[in-house]
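We did not get these values from a lab; they are worked out from the coordinates using the rules stated. All figures in this text were calculated on a predicted structure; none of them were measured in a lab. Cβ placement follows ideal geometry from the backbone for every residue including glycine, while neighbour counts extend to all protein chains displayed.
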Amino acid sequence: MNVDRKGYFDRFGGRYVAEILYQPLEELERAFNEAMEDPLFIEELKRMQHQYVGRPTPLMKAENVSRLLDAEIYIKLEGYAHTGAHKINNALGQVLLAKKMGKTRVIAETGAGQHGIATAAACAHLGMPCVVYMGSTDADRQQPNVAGMELYGAQVVRVESGSKTLKDAVNEALRDWAGSFGETHYVLGSALGPAPYPDIVRTFQSIIGKETKEQTAELGFIPDTLIACVGGGSNAIGFFSSFLADDAVNMIGVEAGGRGEKSGEHAVRMSDESSRDAIIQGYKSRFLVDEDGQVLNTHSISAGLDYPGIGPQLASLGERGRITFTRASDREALDALKFFAEHEGVLFALESAHAAAVAIKLAQQKSLKGKTVINMSGRGEKDLFITSAVLRKEEWRSFLLDELKRLEETDV
Amino acid sequence: MSKVRIMSHLIAGYPDDEGMYAAARGLVEGGAAYLEIQLPFSDPSADGPAIQKACSEVLSRGYRVAQGMKAIRDLKVLYPQVPVFIMTYANLAYCIGIESFVASAQESGAEGLIIPDLPFDADEGLNAACEKYGITSVIVAAPSMSAERIEKMTRENRPYIYAALRAGITGEQTHLDESILSFIERVRGSSRVLGGFGISTGQQAALLAPHVDAVVVGSAFVRLITSASAEGPEAITSALKEKMHKLTGCTEPS
């Protein structure tokens, strides 16, 4: 692994936090390292991954799509995990760790809501009170996940500052933690932030790659290409990490191409010249910032891919050329979502549909050689509010109007 | 009894250029020992809601770091006797280039820099650049620091240490207890201590004043600027001057 200094991946990573958070991060790092050496912790986590999360998640051959595209495509159905995405792997691991540390309260940030809902569920399962910070823009467009978090007993706090999205939720969670770390653990949801978070999140997410390696081995092959979408990058680093040492495995990270090339229309950090080295939210990486270093607005149809930065290890692996980064637009992601739903009976989350879109594109260009595995990091039911508004606008509109009418009638 | 020394907080460009000069005037005429001027950053995760909201308002006008530096230069021309510290976040210094940033801070007449998310032992060359340009880089110390880390910090022998007195964000009340006073003693070393986080009343300032070189008051001023700004610059000046009198003159019975 390319860790040269503690907490760094080449020049990226580090722990750029106000002094107040230094000690809680040290405490977390110690506790995490101890837990990873503790057979009881590992056993308990494994048991819950199996009995509660539903692991292992399946690996399936996409027979129809492979035939249509003249390629050999497999899908790691990670979205079949409980709460609908890979996020539960990290949330469950960290909430269990928080319990082991003697913490009595958990906080989390969430963008699309998937990390929030996973943390809320894990907290309910393990009997911990949970507060989730969520940008108000995200909360508005991901109402089903807000409802889900509340069903699991979490308190969802709407964040009205800045761009009112994921990065602002992270700021708010950091503020809470700076005043509450004595009894509170902050469950950060992506493989970024100050050390040791990138290591913790990668470790808990690495089960995706480990299972994929075992499952492909059972079928008698080593994948030639792995494709994953990259927001902050937790599903990608978890999927890729078991294969990093094998140079023959080609890895592709797909960023949100959004609706255009201009600043504010996408969230492309690695596959063009839009980003810069920056130090934000406790770590150094590639970020979308202006000349002064102010964070720029981003856009993606998927709330999980519009974060302006990228996990430090992925930034380093991208610069080293170990991972190839590319992009898919909003439109391409929607088309891929429809394609796989119609032909394979598999519904990708909008985030993961970006990875599917690139598989389709490469296959059409005849450059998808050998066996490819796409990580479907999330399933798409959570996005029905968004996809319906685009793909069947009129029907959706009349449903909502009728639904409102029904609601008001039953209210009386 | 001696007057309480106050380091008072301003946000460059807030509520607007004219209002900021009016605020500075109120603070200086009220007797500020130091001015701490914050260059707004889009993601100020160590600040509370009052400062955060003010910063995003300034940035929504397209405010640039260079404008902030110029404002500081102007204030130094008006009030050469009051030392100014620039407070901001790592990324503004880092993206512009640590050395260029320090050079322009020095050129603006600032005494030093306070950048809480550049830890003293991973500061990207900030302190070295400050030494080169003859200004000071102020370490922000916190009560959660381990004894080893405090010792490592005091070995730096910096001219100033900023002691963040409570575990948390700016803008909430502070209760001064024994642990806070012992924390101040432990971080002091050979440095002058600027102590604050959550100080908003004359009574709090008077409690703290004997133990520090200056008492830092931040969010309380920003909130006052916010509420006075609707009535115009004169209202800002007089509100801040009055508040400053309360903070500095608090040794008299009220």
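Annotations for the structure displayed:
- Cubic angstrom per residue, convex hull over Cα atoms of the range B:6-248: 108
- Computed from the Kirkwood radius of its Cα pairs, the Stokes-Einstein diffusion coefficient for chain A at 4 °C and 1.567 mPa s stands at 61 µm²/s.
- Added length on full extension, which subtracts the Cα-Cα distance from 0.36 nm per residue, A:Glu37 to A:Gln143: 34.2 nm
- Cut-off 12 Å (backbone N to label point 7 Å along Cα→Cβ of A:Asp224), residues of the range A:237-259: A:249-250
- Dipole magnitude of the range B:36-168, debye to nearest 20 (Cβ charges: Lys/Arg +1, Asp/Glu -1, about Cα centre): 320
- Check: chain B dipole with +1 on Lys, Arg Cβ and -1 on Asp, Glu Cβ, in debye: 320
- Long pairs among B:Lys3/B:Lys241; A:Lys87/A:Lys262; A:Lys46/A:Lys76, criterion Cα-Cα beyond 25 Å: A:Lys87/A:Lys262
- FRET efficiency estimate (nearest 0.05) - Cβ-Cβ, A:Leu126 to B:Lys132, R0 35 angstrom: 0.10
- Cβ charges +1 (Lys, Arg) and -1 (Asp, Glu), total dipole of the protein assembly as shown, debye: 460
- Descending semi-axes in whole angstrom, ellipsoid equivalent of the range A:262-383, from the Cα gyration tensor: 27, 17, 12
- Working from the Cα coordinates of the range A:169-250, the gyration tensor eigenvalues give, after taking √(5λ), semi-axes of 33, 12, 9 Å in decreasing order.
- Rounded to the nearest whole Hz, the Karplus-based 3J(HN,Hα) values (6.51 cos²θ - 1.76 cosθ + 1.60, θ = phi - 60°) of the range A:15-23 follow the sequence 9, 8, 10, 4, 3, 4, 8, 4, 5, with x at glycine and proline.
- Mean partner shielding of peptide A:289-298, defined as the number of other chain Cβ atoms within 10 Å of each residue Cβ, is 6.
- Under 5 Å, built H, 5+ apart or other chain: amide partners of B:Gln38: B:Leu10, B:Ile11, B:Ala12, B:Met87
- Among A:104-114, B:20-30, the peptide with the highest mean count of other Cβ atoms within 10 Å heads the list, and the full ranking is A:104-114, B:20-30.
- Paramagnetic reach from A:Arg276 (point 7 Å along Cα→Cβ, amide N under 15 Å) across the range B:47-81: B:63-67
- Database note for chain A: Cys without another Cys beta carbon under 4.7 angstrom, A:Cys229.
- The distance separating the Cα centre of the range B:81-138 from that of the range A:308-338 comes to 35 Å.
- Selection from B:Pro116, B:Ile96, B:Ala164 lying farthest towards where the dipole of the range B:6-248 points positive, charges on Cβ: B:Ala164
- Counting only other chain Cβ atoms within 10 Å of each residue's Cβ, the peptide B:36-49 averages 5.
- Positive-end extreme of charge dipole, the protein assembly as shown - chosen from B:Gly218, A:Ala108, A:Ala228 (charges on Cβ): A:Ala228
- Point-to-point label distance, A:Thr104-A:Ala341, nm (Cα→Cβ direction, 7 Å offset): 4.6
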